[in-house]
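To keep things clear, I will list the structure first and then write my remarks on it.
The values are calculated or read from the model by the stated rules, or taken from the named source; none is laboratory data. Since we're looking at a predicted model, the values are computed, not measured. Cβ: placed from backbone, ideal geometry, glycine included. Neighbour counts: every protein chain shown. For accessibility, only protein heavy atoms count, side chains too; no ligands or nucleic acids. Shrake-Rupley method; radii C 1.70, N 1.55, O 1.52, S 1.80 Å.
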Protein chains: 2
Amino acid sequence: MENRDIDGRSIKSDETLFAIIECLKRTNGAGVTELADRLDLAKSTVHKHLVALERHRYVVKEDGQYRLGLQFFTAGIHVRNQYEVYHAAKNRVDRLAAETNEAAWLIVHENGMGMFVYGVAHNEAFTFDSTIGTWVYLHANSAGKAILAHLPDEEVSSIIDRHGLPAQTENTITDRETLLDELAEVRDRGYAMNAQEDLRGLHAIASPVITDGRPVAAVTIAGAANRVTEERIEDDLSERLLEAVDDIELRLVYG
Amino acid sequence: MENRDIDGRSIKSDETLFAIIECLKRTNGAGVTELADRLDLAKSTVHKHLVALERHRYVVKEDGQYRLGLQFFTAGIHVRNQYEVYHAAKNRVDRLAAETNEAAWLIVHENGMGMFVYGVAHNEAFTFDSTIGTWVYLHANSAGKAILAHLPDEEVSSIIDRHGLPAQTENTITDRETLLDELAEVRDRGYAMNAQEDLRGLHAIASPVITDGRPVAAVTIAGAANRVTEERIEDDLSERLLEAVDDIELRLVYG
DNA sequence: CATCTCGTTTCCTGAGAGCGAACAGCACGT
DNA sequence: ACGTGCTGTTCGCTCTCAGGAAACGAGATG
């Protein structure tokens, strides 16, 4: 199925290992036979990989089903903890959500894509938990645009080249020039806006966390479009957002 | 160094892959040469594995250094989200911490070991964040004992056989019979106690979350030994703990 | 400009990844 | 009890490809 191994410079057996992991992630646990069928591999091959994974606790066997193990959680938390900005921002993001009574997020970026690393919704209508740990395009939401706006031009274009500008809703910016204009606006304004560009019904504003001239992350306030109106943003939310970001940047510098 | 590949039933190349990951975890990022030296492998070998890891975003290259990437976070959060008990318990654990003004934790177990999946310290003296995602022995803390107390006897002994009863402090129970007696007590009392058995200066109580007769997790209240006294436990904390666990068990059954 | 020291690439070789088939366990309908 | 159909696991065989050594290229350092 996924025969994108036109490589020679990486390791095939690793690719099959990752394919197994990916498959287990999608299926939330599966048997050897099912995996072998799905990935078009011999049962014995899959089995040997699973034994290796199990020995390192990346996979657990339960009732003859294999599923991903808590070792991934350990590693994942370790990676998150390496981001100083997470520790600097966490409590302040909590406070921001409490003050505004909307959802607040911390987004970091890696390799030209964004990821939600932390979020709270004091008004807990939705299970926002499912959003944490997901990748997002930088061009299609306020946090991403806040980050892009403060990256060097050549980095922005290399990101566009690599990932393109796929549309998430009919409001997504899919044109290069339009995006660059928007980024200039964001720089002037100090914060970015998201008018249902990635999720219908959702409005959001975001501002970047900058250290040593580089945007390492962005903080977002997000909420239903009817609550997060343009005037509320101008009158109240934008100010609170910028205050929060200032606090976070300060804490990044001073322990 | 770690030549424990007396296997034949698993895959050697996977073992080196995991060794690389483990090494990157410990060093918080390293170069090809450093990894090759440390693991006693050829540079080219390490490099090819890194290319594979990088393609799948499990590793990122930054300033010629490789470090673990956010894909681990994605996978880790995914694993956590598979535990229904996490979603059922999160808010209630928050409330428990707020009520008692101590730290509260959710611990799950896998393969005879426990792991902190969630925790809050309303009294935020310590950076408890570093505890999340770490493995703990079940015999050496209150949460683990709460879980063990409600597992079938044969499962308990197989766990002891597999992991032993290593001492964490001078108060750790290291004797099989003593442990089994303690577990019987825990069953009677309804909650387990931790009198500086894994961490000096720390007192804790814990009670298991049971569904379908199986303990899937445990909830803990933990705090400095001088604050979490025996009489406060009896007068107040134990009751609040058991209430919280009841609520969680209910929420596990009803949506 | 020479000299380290990185990361990356190239090439070769024999260890071992991957395969197919046989084996073992369990749960069913008879 | 006895097939029958499903699992997961193990056993050899074979030819691929993972791993090693050494060359290459790119920055940094003196």
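Structure above, values below:
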item	result
Stokes-Einstein D (µm²/s) once Rh is taken as the Kirkwood radius of the protein assembly as shown over alpha-carbon pairs, at 20 °C in 1.002 mPa s	87
Degrees, to the nearest 10: B:153-163 long Cα axis against longest axis of chain B	40
Residue of chain B nearest the B-to-A rotation axis [by Cβ], rounded angstrom distance	B:Gly76, 1
Copy-to-copy label separations for B:Lys43, where each label sits 7 Å from Cα toward Cβ, in nm and ascending	4.5
Computed E for A:Gln82/A:Glu177 - FRET, C-beta separation, R0 41 angstrom, nearest 0.05	0.65
Where region B:83-253 is the region considered: accessible area per residue in Å², 1.4 Å probe	44
Angle between chain A longest axis and helix A:43-55 axis [Cα atoms, degrees, rounded to 10]	60
Shielding of A:49-56 by partner chains, average beta-carbon count, 10 Å	6
Peptide ranges A:98-107, B:246-255 listed from the most packed, as the mean C-beta count within 10 angstrom indicates	A:98-107, B:246-255
Inter-copy separations for B:Arg187, label at 7 Å along Cα-Cβ, nm, ascending	7.0
Centroid-to-centroid separation of region B:96-111 and region B:29-79 [C-alpha atoms, Å]	34
Exam field: A:Glu99 pseudo-label spacings to other copies (7 Å along Cα-Cβ), nanometres	3.1
Among B:Phe72, B:Leu35, B:Ile21 the positive-end extreme of the charge dipole of region B:12-74 (Cβ point charges)	B:Phe72
Electrostatic dipole magnitude of region B:216-255 [Cβ: Lys, Arg +1; Asp, Glu -1; Cα centre; debye, to 20]	260
Calculated [θ] (222 nm, deg cm²/dmol) that DSSP helices of n ≥ 4 give over chain A, each run adding -39,500 (n - 2.57)	-14000 deg cm²/dmol
From phi via Karplus (6.51, -1.76, 1.60), per-residue ³J(HN,Hα) for region B:195-201 in Hz, x at Gly/Pro	9, 6, 8, 10, 9, 4, x
DSSP bridge orientation in the protein assembly as shown - percent antiparallel, rounded to nearest 5	100
Nearest 10 degrees, 0 to 90: helix A:71-82 Cα axis against chain A principal axis	30
Protein accessible area in the protein assembly as shown, 1.4 Å probe - carbon and sulfur %	47
